[in-house]
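We did not get these values from a lab; they are worked out from the coordinates using the rules stated. Just so it is clear, the model here is predicted, and its values are computed rather than measured. Note: ideal-geometry Cβ built from the backbone for every residue, glycine included; neighbour counts use all protein chains shown.
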Amino acid sequence: MDHQQEEKVQLFGMWASPYVYKVKWALSIKGMEYEYVEEDLGNKSGQLLEHNPVHKKVPVLVYNGRPVAESDVIVQFIDDVWKGQGGRILPEDPHERAMARFWARFVPDKLSPPIWKWFTTAGGEEQEAAREAAVEHLRVLEAELNLGRNEFFGGDSVGLVDLSLGALAYVIPMYEEIIGARLITEEMFPSLYAWMGRFLAAPPVKDHLPPMEELKLRFRAIREYFLKNA
Amino acid sequence: MAEPVKLIGCFGSPFVHRVEVALRLKGVPYELIEEDLNNKSDLLLKHNPFHQKVPVLLHGDRPAVCESLIIIEYIDEAFSGPSLLPSDPYERAMARFWAAFMYKCKDSMWIALWTDGEVQAASAREMKANLTLIERQLPEGKKFFGGDTIGFLDIAVGGIAHWMGVFEEIAGVHLLIEEEHPALCRWAREYILDETVGQCLPDRDRVVAALTPRKELYVSIAKAMAAQK
């Protein structure tokens, strides 16, 4: 019997969550089929609460009945379980793996917070400070990408760091359109700018992107909410 | 010929301790370079320019590895010796999940230590609920999260075993209580008694003395965290 047919993979997600897409892209890199379950986060299913009692969040991957939560953990799990299959998410060499893990953490720890702050703050000093902090961290990533001189942070193909940064490739342009200001221009960040286009067109990514118009409406509503409740 | 391993650390840091335990469990000889964090050396600033924090691991000529849990996974993968992470991918995912959970807990722990009033009380309740969740991960009848020997999750949680007592003493708060978390307290005692841990565990009174001057800093960090919640 084909080994793959024995495996049952379920992904619990939500259409707007970038963390869910990170897992979808990882599964795509491995060529894995799965059952996708859309959650209404305002009315979480009993299954989700059972599979992720600690955080009660998506994404959750359930593999042969055993749940894994936290997108970073899930992505590494996917790379471990389907080691010989599809593309590599993490490199082979231990030192390169350590570097990939470091840069993958840089995105949620250092880069995302000021970008979110920039997006959810009205124009003024505070927003400008957030933008400057975001630009500073983007410069660091730009330098890192230049150092590798590759198509992706992961080399020739999408890897852990690309997956971690990935959603920003479509989120940042949306934020820019909604705010009416730029964060990443080709002039300021030539490598990152080119990377964004390449990432969105990459095989594991291009057919697994959220519905953009709906997402934009959602982000507009989010910004309005934050500005009103500031 | 083995390449030299250097660990840039500082006295009293639970994160540096984590890496020392990992290196020793793995049987990797290393040179410890102690930093004075009030007067950071060029070596540290060169090797960890973004975060300027310790621990930093230097293995031969390779670029520095930073962030304690990332360093530990590196040590596990780069050197031979007993495995720190489980071999089964699902068990590995669980170890990483709970280590990440510890990281998320730190805010409520910090607020519970260094603030007061209702803010402190609410965070203390949250922290204790988190400790209960962690406690449940101890395998039945085993000394450690890793089973019979110390593993990745023991190292990730290890700070609680020694430093919780240190911070409780400085703050004058009692959070990890035997009656409330008997299994975790038992684990903490086993952890401290472990021979390898003992080789790199800084003297408790010396740590209290070294960290007490930082109390005001801790309080201001906790207040900032509470404001953001």
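Points worth noting:
- Neighbour-limited loop hits for trypsin sites (Lys or Arg not before Pro), the stretch A:129-207 (at most 10 other Cβ within 10 Å; DSSP other than H, G, I, E, B): A:Arg149
- All-pairs alpha carbon distance profile, the protein assembly as shown, 20 Å steps from 0, percent: 22, 58, 20, 0
- The tail of the calculated P(r) for the stretch B:8-84, taken as Cα-Cα distances beyond 21 Å, holds 21 percent of the pairs.
- Radius ratio Rg over Rh of the stretch B:95-189, counting only Cα atoms, Kirkwood formula for Rh: 0.96
- Of all the options B:Pro29, B:Pro89, B:Pro14, the one that moves most in a Gaussian network model of chain B with Cα springs shorter than 10 angstrom is B:Pro89.
- In a reduced charge model with +1 at each Lys and Arg Cβ and -1 at each Asp and Glu Cβ, the stretch A:87-230 shows a dipole moment near 360 debye about its Cα centre.
- Percent antiparallel among DSSP beta bridges (both partners in the protein assembly as shown, rounded to 5): 65 percent
- Comparing A:Gly87, A:Gly180, A:Gly13 in a Gaussian network model of chain A (Cα springs below 10 Å), the most mobile by mean-square fluctuation is A:Gly180.
- Rounded, prolate or oblate (a/c below 1.5 giving rounded, otherwise prolate when a/b exceeds b/c) for chain B by Cα gyration tensor: oblate
- By the beta-carbon count within 10 Å of each Cβ, the least crowded to most crowded order of A:Leu209, A:Leu145, fewest first, is A:Leu209, A:Leu145.
- Filtered GluC sites (Glu not before Pro), the stretch B:120-229: DSSP coil and at most 11 other beta carbons within 10 Å: B:Glu140, B:Glu178, B:Glu179
- The phi-based Karplus calculation (6.51 cos²θ - 1.76 cosθ + 1.60; θ = phi - 60°) puts the 3J(HN,Hα) values of the stretch B:35-43 at 9, 9, 5, 7, 8, 5, 6, 4, 4 Hz, whole numbers, x for Gly and Pro.
- Fluctuation leader among B:Ser80, B:Ser68, B:Ser108 - chain B, Gaussian network, Cα springs under 10 angstrom: B:Ser80
- Sequence of B:Arg125, B:Arg24, A:Arg88 once ranked by neighbouring C-beta atoms within 10 Å, starting from the fewest: B:Arg125, A:Arg88, B:Arg24
- Mean projected area of the convex hull spanned by the Cα atoms of the stretch B:142-229, taken over all viewing directions: 6.9 nm².
- Using alpha carbons only, the radius of gyration of the stretch A:124-230 set against its Kirkwood radius gives Rg/Rh = 0.99.
- Helix A:212-228 axis, angle to chain A major axis (alpha carbon atoms, nearest 10°): 50 degrees
- DSSP-assigned coil residues among GluC sites (Glu not before Pro) in the stretch A:16-56, each with at most 13 further Cβ atoms within 10 Å: A:Glu33
- Chain A: angle of helix A:168-179 to the longest principal axis, Cα-based, in degrees nearest 10: 30 degrees
- Cα-based helix-to-principal-axis angle, A:125-148 vs chain A, degrees rounded to 10: 50 degrees
- Along its three principal directions, the equivalent ellipsoid of chain A from the Cα gyration tensor extends over semi-axes of 30, 23, 15 Å, largest first.
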